[in-house]
Structures are given as structure tokens and as C-alpha cells.
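Right, one structure below, let's go through it.
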Amino acid sequence: MSFSPLRRRKLLLSFFNSFSSQQISANISSLSSSIKILQDPSAQCHQTQNPVWVLSFSSSFSTQASKFPEYEMPTVSWSVVQGKREKLVNRVIICDYLKSLGIVPDELERLELPSTVEVMKERVEFLQRLGLTIDDINEFPLMLSCSVRKNVIPVLGYLEKIGISRPKIGEFVKSYPQVLHMSVVVELMPVIKFLRGLDVEKQDIGYVLQKYPELLGFKLEGTMSTSVAYLVSIGVSPRDIGPMVTQYPYFLGMRVGTTIKPFVDYLVSLGLPKKIVARMLEKRTYVLGYDLEEAIKPNVDCLISFGVRREALTSIIAQYPQIIGLPLKAKLSSHQYFFNLKIKIDPESFAKVIEKMPQIVSLKQHVIMKPVEFLLGRGLASQDVAKMVVKCPQLVALKIERMKNSYYFFKSEMGRPPKELVEFPEYFTYSLESRIKPRYQKLQAKGIRHSLNWFLNCSDQRFEERLEGGYVESESSGPLFSMGGKLELPWSEVLSEEEDESDDEILYRRIVSI
């Protein structure tokens with residue numbers, strides 16, 4: 001009676017399943033004799049009546065296995081069986097080791113682990129030397145599947161090469177542990193090349209990645225490219241993209257259709273041309289991080305509710321873009337009450353102050369009071385001081401030392417009455433040495449009688465034309481916001497340096513984290 005190959009295979013499997021691996025190893029050579037017995041019907045009938053005899057016979061025949069090479073177990077297959085068993089044992093030992101350290105190894109069940117616990121111990125100790133704690137490892141236990149020599153060291157070496165200093169490497173890995181799984185050549189280098197192509201300075205690459213390490217995981221042909229292309233299409237200068245990335249790299253991860261375009265479209269709907277929006281984004285890129293529905297729209301509505309004219313919104317946002325992301329209702333409520341109580345400015349006039357100088361919502365109240373107290377100390381009535389602040393809100397942001405010098409020259413050299421300061425409070429915003437003194441001395445030499453507004457509120461060329469003309473032309477109002485003009489404010493250099501860290505910068509860190 002002959003056995004088919006299929007049945008012979010089933011008999012072999014049945015034989016292996018009935019014994020432990022130790023018994024299989026000890027009796028593997030006796031397998032051939034057992035098969036011969038099975039092939040002889042009479043022998044099969046006789047021997048199967050006594051299983052113990054089968055085992056003893058197999059054991060005694062095992063020494064002759066080498067004489068029957070056709071029945072020997074292939075060495076490769078057998079090593080695989082043994083390797084699987086060793087891997088299971090090592091996996092249990094490694095998991096017990098990790099648990100003893102407080103590491104939860106559940107996420108590592110389906111991953112390839114080191115061959116020995118010593119290798120895993122080396123990985124854990126290496127990560128700890130970088131500054132990572134057990135809690136950090138538990139946040140992303142998959143980092144333990146990375147080979148120190150093949151993955152970790154090459155990646156960390158490249159990060160240090162592109163500008164992330166060695167003391168900060170640990171913090172970088174904490175913030176973005178996925179980097180340990182990346183290929184330097186295939187994944188990291190193309191991103192760095194892309195950033196350099198956007199004109200990000202080489203020395204700024206490390207700074208950009210530390211701010212937004214997730215950039216390393218983006219596809220170049222995806223969100224990053226479309227974000228840049230859209231901003232350029234609305235008027236952002238390509239040469240300004242690099243500084244924008246350095247200032248606020250998060251916009252590279254924003255989707256055009258759901259974040260950037262709705263932001264731009266809303267500002268345009270308020271009356272801001274795209275070119276002005278583009279200039280605004282070049283200087284204050286982080287305003288893209290303000291949520292349109294939760295911050296920007298409610299703040300615009302808030303300004304209107306406090307009496308700001310709708311047509312003035314464009315001027316306010318262009319001058320001070322940060323205002324659309326501040327906790328505005330609380331700030332306006334507090335400042336409106338303060339201005340009414342301390343400076344005697346009613347809510348209607350307070351709205352005019354906001355229109356002329358929206359930055360005032362971020363000034364501390366003690367900073368605002370110093371210039372006010374200085375003017376009151378010069379003998380000016382409180383209602384006159386209030387009138388001056390409404391007409392020229394920049395007064396409350398000036399340095400006291402600057403105001404003292406200008407006031408002393410006004411009183412001692414010019415000999416003018418204080419009412420002229422009430423009529424033209426902008427006098428304090430001009431430089432004493434570069435504008436007030438030189439022009440006053442020229443007028444004195446000509447013997448021309450003039451007002452403060454007439455000789456200060458004009459360009460140097462216009463002033464010379466007035467001197468040569470020999471007549472006093474009608475006075476004009478101060479400069480107004482022009483939609484096509486520069487966004488640089490004339491008083492940007494005179495804001496008080498005594499103010500603490502501005503609230504808008506604190507808000508920037510709070511809101512724009514993505």
C-alpha cells in the first residue's frame with residue numbers, strides 16, 4: 001500500500017503536533033522509519049497496537065537517520081522554526097524589561113523588535129541621554145523600533161548639520177519624534193531643499209524647523225506649494241516668501257481652500273484691496289493664524305458695536321492687523337471705562353480714538369496715564385487734555401523725556417501760549433532736533449509769523465516752497481489713511497518703550513499654535 005504525497009504530509013504534521021519541540025528534536029531521525037512502517041500494511045497493523053513500542057523503536061532508530069538523507073528535515077526550515085521560538089522568547093523578555101522601566105509596550109506588538117534585550121536597553125539609554133524621559137517615550141513608543149546606528153544617529157547628525165544645535169536636539173525629538181523614522185536622503189533633504197528654494201536663509205532653517213517641525217512630514221507637491229502659489233497670486237512678493245516662512249512657517253501647512261482664501265476674501269469684503277492684504281501678510285504673516293469664525297468676524301462686529309464706523313474698519317485693520325485676533329471685547333470695555341473715568345473722554349470720542357490709533361487697545365493703562373499726567377502738570381485743563389488726546393491719540397504713547405524737551409523749547413524759545421498746543425497736539429510727535437528747531441530758526445530768520453501746523457505739517461520740500469513764496473497758505477488737516485499708501489505708521493517710532501510685552505504678541509503665541 002503506497003501513500004500519496006498529500007497523505008504523507010498530513011501524517012508528518014500529525015506527528016509533529018503530538019509532541020513538544022524537544023521531543024521532535026530528539027526523534028526527528030526516527031521519522032523515516034515510522035513512515036516505512038506505515039507503508040507496510042502488516043507492520044502498520046502490528047505496530048499501531050502498541051504506541052509505546054513505536055516510540056522506543058523510533059528512538060533506537062534515530063541514530064541511523066544519516067543513512068537516509070531523503071527523510072532528513074531541511075536545515076533551513078528547521079532554523080526558521082527555532083528562530084520563531086527564540087524571537088517569541090526574546091520578545092517576552094524585552095517587553096518585561098520595558099514594563100520594569102514604566103514603558104507601555106502595547107504599540108510595539110506588531111513591530112520588529114531587537115534580537116536581544118541588550119539592544120533594546122541600548123536604545124532606551126540613548127534616548128534618555130538625549131533628554132527624553134519615560135513619559136516622553138510613552139507618548140510615542142514607536143521610537144523604540146528605530147535602530148540607533150541605522151536610523152537615529154544619521155537623522156540626528158543631519159539635524160545638527162542644518163542648524164539645530166546639539167543641546168536642543170532632545171527638545172526637537174520630543175516635539176516631533178516621528179523624525180527618527182525618516183530617511184535623510186528620501187524625506188529630510190528634499191524638504192530642506194524646498195525651504196532654501198523659497199529663499200529661507202541657510203542660518204534660519206534650524207530656527208524654522210524648531211518652530212514647526214511638522215514641516216518635515218509634508219509632501220512638497222501638496223499643501224506647501226499651493227499655499228505659496230496662492231499668496232503670490234494675490235500680490236505677495238516672491239522674495240518676501242522666505243522672510244514670511246521664517247516669521248510664521250505655519251502657513252505652509254494651511255489649506256488654501258479652507259483657511260487662507262476665506263481669510264483673504266473676508267478682508268477684501270470689508271474694503272481692503274488684495275494688494276494691501278498682501279503687504280499686511282508680508283509684515284504680519286502670523287495674522288493668518290487667527291480663526292476667521294471665532295476671532296476675526298466677532299472682533300469686527302465688536303468694533304462696530306463700540307461705535308467705530310464701518311468705513312474706518314479698513315484703516316484700523318491696515319494700521320494694526322493684530323487687532324482682529326485680540327480678545328477685543330474685554331479690552332475695549334476696560335479701556336472705554338478707563339478713558340471715561342480718568343481722561344474724561346466719552347464713549348463716542350473713544351471710538352474716534354480707536355479709529356485714529358487702534359494700537360491703543362494694547363497699551364497698558366499706567367503707560368497711557370503718564371503723558372496725560374504730564375500735560376495736566378503743565379497747567380492744562382482736563383477738558384483740554386481730553387481734546388488733545390482725541391485729536392492726536394499718539395500722545396499717550398510718547399516718552400515723557402521727549403515731551404519734556406519739546407515743551408521746554410515751546411515755552412522758552414518760542415514763547416507761545418499753551419492754547420496752541422491744544423489746537424495742534426501733534427507738535428509733540430515731531431522730532432525736536434531734526435524738524436522743530438531747524439524750521440523754527442529759518443522762520444525766525446525770515447521774520448514770518450506762523451502757526452505750529454503751518455510749518456510742521458508738511459514735507460521739507462513743501463516747507464522750502466512756503467518760505468520762498470512769502471505767504472501763508474491755508475492750513476490743511478493732518479495726513480489721512482490712503483488705501484494705496486504705505487502701511488508704515490508715522491508714530492511707529494515713538495511708541496513707548498516702557499510698555500511690557502505687548503498683549504498682541506502674547507495672543508499670537510496663544511492663538512496661532514496649530
(message) Among the residues that make up segment 147-162, is at least one of them under 28 Å from residue 99 (Cα atoms) and in contact with a Lys or Arg (Cβ under 7 Å, 6 or more places away or on another chain)?
(response) yes
(message) For the structure I just gave you, tell me whether residue 158 is aromatic (Phe, Trp, Tyr) and either more than 26 Å from the chain's Cα centre (by Cα) or open to solvent by 80 Å² or more (accessible area, probe 1.4 Å) (or both).
(response) no
(request) Those residues that are open to solvent by 10 Å² or more (accessible area, probe 1.4 Å) and touching a Leu at 6+ places or on another chain (Cβ under 7 Å), I need them from segment 374-397; list them, please. (result) 382
(request) Report, by residue number, each residue of segment 398-439 that is open to solvent by 40 Å² or more (accessible area, probe 1.4 Å), under 19 Å from residue 380 (Cα atoms) and in a helix (DSSP H, G or I). (result) 401, 402, 404, 405, 408, 411, 412, 419, 423, 426
(request) Tell me which residues, restricted to segment 442-474, are within 21 Å of residue 428 (Cα to Cα), at pLDDT below 85 and surrounded by 13 or more Cβ atoms within 10 Å (Cβ to Cβ). (result) 450
(request) Could you please let me know if residue 205 is surrounded by 16 or more Cβ atoms within 10 Å (Cβ to Cβ) and under 15 Å from the mean Cα position of the chain (by Cα)? (result) yes
(request) Restrict the check to segment 340-359 and report whether at least one residue is more than 26 Å from residue 459 (Cβ to Cβ), of a type in the set (Gly, Ala, Ser) and open to solvent by less than 10 Å² (accessible area, probe 1.4 Å). (result) yes
(request) Go through segment 320-332 and count every residue that is touching a residue at least 24 places away in the same chain (Cβ under 8 Å), over 13 Å from residue 287 (Cβ atoms) and part of a helix (DSSP H, G or I). (result) 4
(request) Mind counting the residues in segment 127-145 that are β-branched (Val, Ile, Thr) and open to solvent by 10 Å² or more (accessible area, probe 1.4 Å)? (result) 2
(request) Please verify whether segment 169-176 includes one or more residues that are at pLDDT below 95, touching a Gly at 6+ places or on another chain (Cβ under 6 Å) and open to solvent by less than 60 Å² (accessible area, probe 1.4 Å). (result) yes
(request) Could you tell me whether residue 311 is open to solvent by 60 Å² or more (accessible area, probe 1.4 Å), within 25 Å of the chain's Cα centre (by Cα), within 25 Å of residue 282 (Cα to Cα) and not β-branched (Val, Ile, Thr)? (result) no
(request) Working only within segment 282-311, note down all residues that are small (Gly, Ala, Ser) and assigned to a helix (DSSP H, G or I). (result) 289, 295, 305
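Rundown of residues vs (1) over 33 Å from the mean Cα position of the chain (by Cα); (2) modelled with pLDDT under 95; (3) β-branched (Val, Ile, Thr), yes/no style:
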site	(1), (2), (3)
328	no, no, no
332	no, no, no
350	yes, no, no
354	no, no, yes
372	yes, no, yes
375	yes, no, no
384	yes, no, no
387	yes, no, no
390	yes, no, yes
(request) Just need a number here: residues in segment 219-241 that are farther than 14 Å from residue 197 by Cα and open to solvent by less than 30 Å² (accessible area, probe 1.4 Å). (result) 6
(request) Determine which member of the set 206, 242, 217, 222 is in contact with an Asp or Glu (Cβ under 6 Å, 6 or more places away or on another chain) and either without any contact (Cβ under 8 Å) to a residue 24 or more places away in the chain or not hydrophobic (A, V, I, L, M, F, W, C) (or both). (result) 242
(request) Name, by its number, the condition in (1) over 25 Å from residue 204 (Cβ atoms); (2) surrounded by fewer than 16 Cβ atoms within 10 Å (Cβ to Cβ) that does not hold for residue 272. (result) (2)
(message) I need a count of the residues in segment 98-113 that are in a helix (DSSP H, G or I) and either surrounded by 11 or more Cβ atoms within 10 Å (Cβ to Cβ) or in contact with a helix residue (DSSP H, G or I) (Cβ under 9 Å, 6 or more places away or on another chain) (or both).
(response) 6
(message) If residue 251 satisfies all but one of (1) of a type outside the set (Asp, Glu); (2) surrounded by fewer than 17 Cβ atoms within 10 Å (Cβ to Cβ); (3) touching a Leu at 6+ places or on another chain (Cβ under 9 Å), what's the number of the condition it fails?
(response) (2)
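The values are calculated or read from the model by the stated rules, or taken from the named source; none is laboratory data. These figures come from a predicted structure and were not determined experimentally. Positions of Cβ are generated from backbone atoms using ideal geometry, with glycine treated the same way; all protein chains shown enter the neighbour counts. For the accessible areas, the whole protein counts, side chains as well, though only heavy atoms, and no ligand, DNA or RNA atoms are used. Shrake-Rupley method; radii C 1.70, N 1.55, O 1.52, S 1.80 Å.
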